[in-house]
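For reference, the structure is listed below as structure tokens.
The values are calculated or read from the model by the stated rules, or taken from the named source; none is laboratory data. Keep in mind that this is a model prediction, so the values were computed, not measured. Methodologically, a virtual Cβ is constructed for each residue, glycine included, from the backbone with ideal geometry; neighbour enumeration extends over all protein chains shown. We work out accessible area using only protein heavy atoms, side chains counted, and drop any ligands, DNA or RNA first. Shrake-Rupley method; radii C 1.70, N 1.55, O 1.52, S 1.80 Å.
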Amino acid sequence: RGRPDRRKAMAQPASEATPGGAAGGGEAQGVPGKGGASKKPTTKAERRALQEKQRAAKAAARGEAVGGGGEKKAKEGSAKGPPPGKAVPEKKSVPVSSGIVGHLPPFARQSMLTRCPRISSEVHPAILSLGLRYASGEVDGANMRCAAMLAAFKAAIADYRCPPDVAVSRDLDKKLKSMFQFLVECRPHSVSMGAAIKHLRAVVARLGPETTEDEAKAAVVDAVETFTHQRLALSGRLVADRGAEKIRDGDVVLTFGAGGDAVRQLFAAARRDDKRFRVVVVDARPALAGRALLSFLRGLDLEATYVLLNAVAYAVREATTVFVGAEAVYSNGAALADAGTAALALVAATHNVPVLVCCETYKFHAKVQLDSLSWNELGDPDHLRADDDPPDLDPSRLHLRFDVTPDKYITAVITEHGLVPPSACAALLRELELGTAQPDP
Amino acid sequence: SPPSPMEASGDSAMFEEFSGLVTKEDLAIPVAAIEALLGVIKRSKAATMHGLDEELRRGRDVLVAASAKEEGLLRGRTTMSLVSGCELMMRHATRTFLEFSDFDECKRALLVRGEAFARQSRASRDRIAELAHPFIRDGSRVLVHGRSRVALAVLARAAQSKRFSVVATESDGAAVAADLRDLGLPVDIIADAAVAYFMETVDCVLLGAEGVVENGGVVNKIGTLVVAVCAKSLDKPVYVAAEAFKFARIFPLKQRDLPVTDTLRPPIDYTPPAYISLLFTNLGVLTPAAVSDELIRLYQ
């Protein structure tokens, strides 16, 4: 009874920090929440007096809390401060995810850096700068994030020095893991980044105990370069070429949002083949990433149209094909992509327009995902504010960054191995893991 | 570049062998192609794997070009199954090349495997008939479209132990009726346009294929899609009997993706996998989804 009611405190993040000692809702309910040691007052006047005392105490404590810097969490208690060396985020600005997305990590508006300035000295500058660019959104998109991460790792490994009397492979693995962990704190990692780090750690794990520091570093750098060249660059080019084969003169091609690396290369390849076609960019708030794609298309001298997602049913009627990029493809053939892609795929499939997902096989994930909520990334809810929002209403905003397109709306996945129907994604993944699949030029 | 006299004589010898196999022995076109390419290997004077590979490619190109010109040879079909049969043979060859470093060993292995592949291909029609005939029940009515010899083999095998009747569409109807009369099966020939009318009276549809594509769909004689869509809407199973060498490495998204020269009178159409219940192949009875799994394995 003496402990504050944590659940109540956390459910009302916007309210002020309640001081330790009194339950947050105690007063409102008219039930004294103080410790059971004191005798409960019986008469009405006595209960009144107790209430007044609690109210005064609360006001005094609140005044103290505000004066002392509102950084203390209620559950720490008024006597204790936060443990030394560990900064605690200001509770007001850290919403806790609740409801149907309660299982997802909440969107953290403050970056890791401002929260924990001490860590910056331990992290390599390349990783530090990359983390900041992830958090700000400057580096975005599955391929971009993975390529940037690999480049940063390469730079960090160059400066890596193994401490004496420690097995290089073990220490190097720890280093890789900690660098990756830092990046994850800045922004939840993508499937592409996960695949790359898994590959690197596997390479490091295979290093024998006799490996020297230089050999180990060379092995990692070589692994980074090979992975970037084969699974990103070369595969991306093969995906683009195969996709470009599906575009004919006179086609109207739909795509969503920024499109992604593979889709852009696909349009460039089709343009190089002198194909005459039109692109319709379907875009959605809040990212409106399609605008960047528009300037890219203009650079290719391609005729482009721009519509928002709510006009997709109109735009799809003249479409020949839909090409979309993906963050990942799961083994049940479903595709994870920027939020809005699933809606486009659904409408296109209903109109018998083939939907082609461009995805290199390194982004294939062995897991199965059936819906868009079991895993997702929460974005900044403030991005959903509109200029004409009524000032007196403040609804909770849910910003989901991705959605999952079910396999039944996908006609084929374009990979470096060719076009694959969604039902065959599990088989392809199996072949890849067995090491028997080779890109088919 | 025009062929040298030696090359030209080799080409004509191969083509002779090929057409003989097709017309006299009634072999499926891809099977005949596989045997013809095997002949190329046997007669080959090449000393390197690269040379042999070149000769095989040349043989394939000659076969495709010459068959396209000779009308009667392909029995009104496209060169699709010929191309996929050759491709499969080339894949076999490439895989063998990668396995052996010594050329003579490689050539010997190639011949042995090639012969085995040819034998297996000859036997595939019978194997399919064995797998497929239980799906035709006693007292049922089967709709057929086109004149597939594999489908005929299935019907023949089923007729050995069951009584059933057949409905055939008119475009190949007369020929099909003649084939089936020898088996003692009652055949009704109907107009293509009447397929929807008669669909409620049939129990299943049996088709052949010129090609099976990467997503499990089939390419077959024009009119197949009509039959398949109609069957699906009336909940009748659609069965396709096709040998594994007909699996083609194409992924058509629409009808226009098919290799068709006369766009107003196309000889073939593409039936998407959603309209196909099962495929009877010499690799087993497969769902359309399983076809892509098999292809991934075959071509890796």
The lone exception for B:V83 - which of (1) touching a helix residue (DSSP H, G or I) at 6+ places or on another chain (Cβ under 7 Å); (2) within 25 Å of B:V238 (Cα to Cα); (3) open to solvent by 10 Å² or more (accessible area, probe 1.4 Å) it fails: (2)
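Just to be sure, is A:V279 surrounded by 20 or more Cβ atoms within 10 Å (Cβ to Cβ), assigned to a helix (DSSP H, G or I) and more than 14 Å from every other protein chain (Cβ to nearest Cβ)? Outline the logic, then answer.
Values: surrounded by 20 or more Cβ atoms within 10 Å (Cβ to Cβ): yes; assigned to a helix (DSSP H, G or I): no; more than 14 Å from every other protein chain (Cβ to nearest Cβ): yes.
Criteria not met by A:V279.
Using the structure shown, decide if A:V203 is in a helix (DSSP H, G or I), within 27 Å of A:F323 (Cα to Cα) and more than 14 Å from chain B (Cβ to nearest Cβ). Let's see the steps before the verdict.
On the way: in a helix (DSSP H, G or I): yes; within 27 Å of A:F323 (Cα to Cα): no; more than 14 Å from chain B (Cβ to nearest Cβ): yes.
For A:V203, the condition - in a helix (DSSP H, G or I), within 27 Å of A:F323 (Cα to Cα) and more than 14 Å from chain B (Cβ to nearest Cβ) - is not met.
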Filtering region B:246-261 down to residues that are more than 14 Å from chain A (Cβ to nearest Cβ) and surrounded by fewer than 21 Cβ atoms within 10 Å (Cβ to Cβ) yields B:T261
Out of (1) of a type outside the set (S, T, N, Q); (2) open to solvent by 50 Å² or more (accessible area, probe 1.4 Å); (3) within 29 Å of B:A68 (Cα to Cα); (4) more than 9 Å from every other protein chain (Cβ to nearest Cβ), what's the single condition that is false for B:V229? (3)
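Can B:C204 be described as more than 15 Å from the chain's Cα centre (by Cα) and under 20 Å from B:V150 (Cα atoms)? Give the derivation first.
Numbers: more than 15 Å from the chain's Cα centre (by Cα): yes; under 20 Å from B:V150 (Cα atoms): yes.
Yes: the conditions hold for B:C204.
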Spot the failing condition for A:T305; the list is (1) part of a strand (DSSP E or B); (2) within 14 Å of chain B (Cβ to nearest Cβ), and only one is missed. (2)
Filter region A:349-360 down to residues that are more than 12 Å from chain B (Cβ to nearest Cβ) and either in contact with a strand residue (DSSP E or B) (Cβ under 9 Å, 6 or more places away or on another chain) or open to solvent by less than 10 Å² (accessible area, probe 1.4 Å) (or both), then give me how many there are. 4
When you check A:D251 against the structure, is it open to solvent by 30 Å² or more (accessible area, probe 1.4 Å) and either acidic (D, E) or closer than 13 Å to A:I414 by Cβ (or both), yes or no? no
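Go through the residues of region B:170-178 one by one and say whether even a single one is polar (S, T, N, Q), in contact with a Lys or Arg (Cβ under 9 Å, 6 or more places away or on another chain) and at pLDDT below 95.
yes
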Among (1) in contact with a Phe, Trp or Tyr (Cβ under 7 Å, 6 or more places away or on another chain); (2) acidic (D, E); (3) within 22 Å of A:F227 (Cα to Cα), the one test that A:E377 misses: (3)
Residue check for B:A174: farther than 30 Å from A:G418 by Cα, open to solvent by 40 Å² or more (accessible area, probe 1.4 Å) and among the aliphatic types (A, V, I, L, M): yes
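Quick grid of which residues meet (1) modelled with pLDDT under 90; (2) more than 8 Å from chain B (Cβ to nearest Cβ); (3) crowded, with 16+ Cβ neighbours inside 10 Å:
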| position | (1), (2), (3) |
| --- | --- |
| A:P391 | yes, yes, no |
| A:V404 | no, yes, yes |
| A:V420 | no, no, yes |
| A:E431 | yes, no, yes |
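Out of all the residues in region B:79-88, is one or more outside any helix (DSSP H, G or I) and out of contact with any Pro (no Cβ under 7 Å at 6 or more places or on another chain)?
Narrowing region B:79-88 to residues outside any helix (DSSP H, G or I): B:79.
Right, trim to out of contact with any Pro (no Cβ under 7 Å at 6 or more places or on another chain) and you get B:79.
Within region B:79-88, one or more residues are outside any helix (DSSP H, G or I) and out of contact with any Pro (no Cβ under 7 Å at 6 or more places or on another chain).
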Check region B:283-294 and report whether any residue there is open to solvent by less than 30 Å² (accessible area, probe 1.4 Å), in a helix (DSSP H, G or I) and more than 14 Å from chain A (Cβ to nearest Cβ). no
Please tell me if B:V240 is β-branched (V, I, T), buried (at least 16 other Cβ atoms within 10 Å of the Cβ) and modelled with pLDDT of 95 or more. yes
Tally, over region A:247-276, of residues that are assigned to a loop (DSSP other than H, G, I, E, B) and away from chain B (no Cβ under 14 Å): 8
Contact list, first residue from region A:281-301 and closer than 16 Å to A:A319 by Cβ, second anywhere and of a type in the set (F, W, Y), beta-carbon distance below 6 Å, six or more apart or interchain, is A:V281/A:Y306; A:V282/A:F256
Filter pass, B:V219 being within 26 Å of A:V322 (Cβ to Cβ), more than 14 Å from every other protein chain (Cβ to nearest Cβ) and in contact (Cβ under 8 Å) with a residue 60 or more places away in the chain: yes
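Out of the residues in region B:262-278 that are more than 24 Å from A:H417 (Cα to Cα) and open to solvent by less than 20 Å² (accessible area, probe 1.4 Å), which is nearest to the other protein chains (Cβ to nearest Cβ)?
Going through region B:262-278, the residues more than 24 Å from A:H417 (Cα to Cα) turn out to be B:262-269, B:275-278.
Now restrict to residues that are open to solvent by less than 20 Å² (accessible area, probe 1.4 Å): B:268-269, B:276.
On the way: B:I268: 18, B:D269: 15, B:I276: 13 Å.
Within region B:262-278, the match that is nearest to the other protein chains (Cβ to nearest Cβ) is B:I276.
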Of all residues in region A:149-179, which are closer than 21 Å to A:Y134 by Cβ, open to solvent by 20 Å² or more (accessible area, probe 1.4 Å) and touching a helix residue (DSSP H, G or I) at 6+ places or on another chain (Cβ under 6 Å)? A:K154, A:A155
Out of (1) within 14 Å of chain B (Cβ to nearest Cβ); (2) at pLDDT 85 or above, the odd one out for A:T436 is which? (2)
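Looking at region A:406-418 only, could you name the residues that are at the interface with chain B (Cβ under 9 Å from one of its Cβ atoms) and either of a type in the set (S, T, Y) or more than 18 Å from A:A342 (Cβ to Cβ) (or both)? Even if it seems obvious, please write down each step before you answer.
Of region A:406-418, the ones at the interface with chain B (Cβ under 9 Å from one of its Cβ atoms) are A:411-412, A:417-418.
Those that are at the interface with chain B (Cβ under 9 Å from one of its Cβ atoms) and either of a type in the set (S, T, Y) or more than 18 Å from A:A342 (Cβ to Cβ) (or both): A:T411, A:H417, A:G418.
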All but one of (1) assigned to a helix (DSSP H, G or I); (2) more than 25 Å from the chain's Cα centre (by Cα) hold for B:S101, so report the exception by its number. (1)
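With the condition kept exactly as written, say whether any residue in region A:233-246 is farther than 23 Å from A:S192 by Cβ, surrounded by fewer than 18 Cβ atoms within 10 Å (Cβ to Cβ), away from chain B (no Cβ under 14 Å) and touching a residue at least 60 places away in the same chain (Cβ under 8 Å). Give the derivation first.
Our first condition is that a residue be farther than 23 Å from A:S192 by Cβ; within region A:233-246, this holds for A:245-246.
Remaining after also requiring surrounded by fewer than 18 Cβ atoms within 10 Å (Cβ to Cβ): A:245.
Still in the running and away from chain B (no Cβ under 14 Å): none.
The answer is no, given that none of the residues of region A:233-246 is farther than 23 Å from A:S192 by Cβ, surrounded by fewer than 18 Cβ atoms within 10 Å (Cβ to Cβ), away from chain B (no Cβ under 14 Å) and touching a residue at least 60 places away in the same chain (Cβ under 8 Å).
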Go through (1) farther than 26 Å from A:A339 by Cβ; (2) hydrophobic (A, V, I, L, M, F, W, C); (3) open to solvent by 40 Å² or more (accessible area, probe 1.4 Å) and name the single condition A:A287 misses. (1)
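One line per residue, one yes/no per condition, for (1) closer than 29 Å to B:L295 by Cα; (2) of a type in the set (D, E, K, R); (3) surrounded by fewer than 21 Cβ atoms within 10 Å (Cβ to Cβ):
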residue	(1), (2), (3)
B:E17	no, yes, yes
B:T23	no, no, yes
B:D26	yes, yes, yes
B:A33	yes, no, no
B:G39	yes, no, yes
B:G59	yes, no, no
B:A66	yes, no, yes
B:E87	yes, yes, yes
